[in-house]
Amino acid sequence: MKITCPCGTSKNYEHCCGPYILGEATPPSPEALMRSRYTAYTKANADYIAASQTGPAAQSFDANASKTWAQQVQWQGLEVFNSEQQNDIGFVAFRANFKNNEQAQNIFEKSEFRRIDGKWLYFDAVKITRNDLCPCGSGNKYKKCCLK
Ligand SMILES: [Zn+2]
Ligand SMILES: [Zn+2]
């Protein structure tokens with residue numbers, strides 16, 4: 001049976017986020033890590049989420065609350081708009097779509113990643129102000145684009 005990876009590449013789970021989540025391989029880029037974290041959320045795998053972050057993200061993380069929430073919502077897919085990497089710091093802009101009580105919701109974020117001892121980790125969400133260019137790459141201000 002062919003199971004496409006929840007993160008939205010058209011690859012099989014076994015050839016996409018699976019090996020990262022099972023600990024058989026290390027995500028080679030911030031985007032690969034970000035995708036695997038989304039996939040881990042669709043499986044309510046709080047252990048993987050916890051193990052793939054550091055800094056502010058790790059400090060504010062509540063494993064039980066995250067697990068409960070991840071099980072409660074219906075995951076609808078991931079859109080990755082942009083990935084950047086410079087040495088040991090990377091950024092990925094994305095939208096994670098889900099339904100909560102039949103309501104379509106999403107998390108729209110530009111995430112910061114750090115490479116520590118050769119491993120990419122989620123570090124923090126980048127603050128986007130209303131007048132910044134929207135991280136989705138539309139060329140419009142955030143307030144006139146994805147903030148709506
Ligand atoms: Zn994947
Ligand atoms: Zn936008």
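Remark: relative contact order (the chain) = 18 percent; criterion is Cα-Cα distance under 8 angstrom and separation of 6 or more residues. Here region 1-146 is assigned +1 on the Cβ of each Lys and Arg and -1 on the Cβ of each Asp and Glu. Its dipole about the Cα centre then comes out at about 440 debye. Which of GLY55, LEU78, CYS17 sits closest to the plus end of the dipole of region 13-144, meaning its Cα is farthest towards the positive end, when Lys and Arg get +1 and Asp and Glu get -1 on the C-beta? Value computed over the given set: LEU78.
Amide hydrogen proximity for GLY77: with H placed 1.01 Å from N in the peptide plane, the residues at 5 or more positions away or on another chain lying under 5 Å are ASN97. Sequentially through region 135-148, phi angles give Karplus couplings (6.51, -1.76, 1.60; θ = phi - 60°) of x, 6, x, 6, x, 8, 5, 3, 5, 9, 10, 6, 5, 5 Hz, Gly and Pro residues having no value and appearing as x. Taking the empirical scaling 2.2 N^0.38 Å for compact globular proteins as reference, region 46-121 has a Cα radius of gyration ratio of 1.21. Legend: residue pairs LYS99/LYS148; LYS11/LYS143; LYS99/LYS119; LYS110/LYS143, Cα-Cα distance threshold 24 Å; pairs beyond threshold, LYS11/LYS143; LYS99/LYS119. Taking other residues whose beta carbon is less than 13 angstrom from the beta carbon of GLY23, and scoring Lys, Arg as +1 and Asp, Glu as -1, yields -1. Since only CYS136, PHE94, TRP69 are under comparison, the one whose Cα sits farthest along the positive direction of the charge dipole of region 68-148, derived from C-beta charges on Lys, Arg, Asp and Glu, is CYS136. When every Cα-Cα distance of the chain is counted in 5 angstrom steps from zero, the calculated P(r) takes the values 2, 10, 18, 22, 22, 16, 8, 3, 0, 0 percent.
Give, as a single signed number, the net charge of other residues whose beta carbon lies under 15 Å from the beta carbon of ILE49, with Lys and Arg counted +1 and Asp and Glu -1. Surrounding charge for ILE49 is +1.
No lab work stands behind these numbers, since they all come straight from the coordinates. All of these numbers come straight from a predicted model, not from anything done at the bench. All Cβ positions, glycine included, derive from the backbone under ideal geometry; neighbour counts span all protein chains shown.
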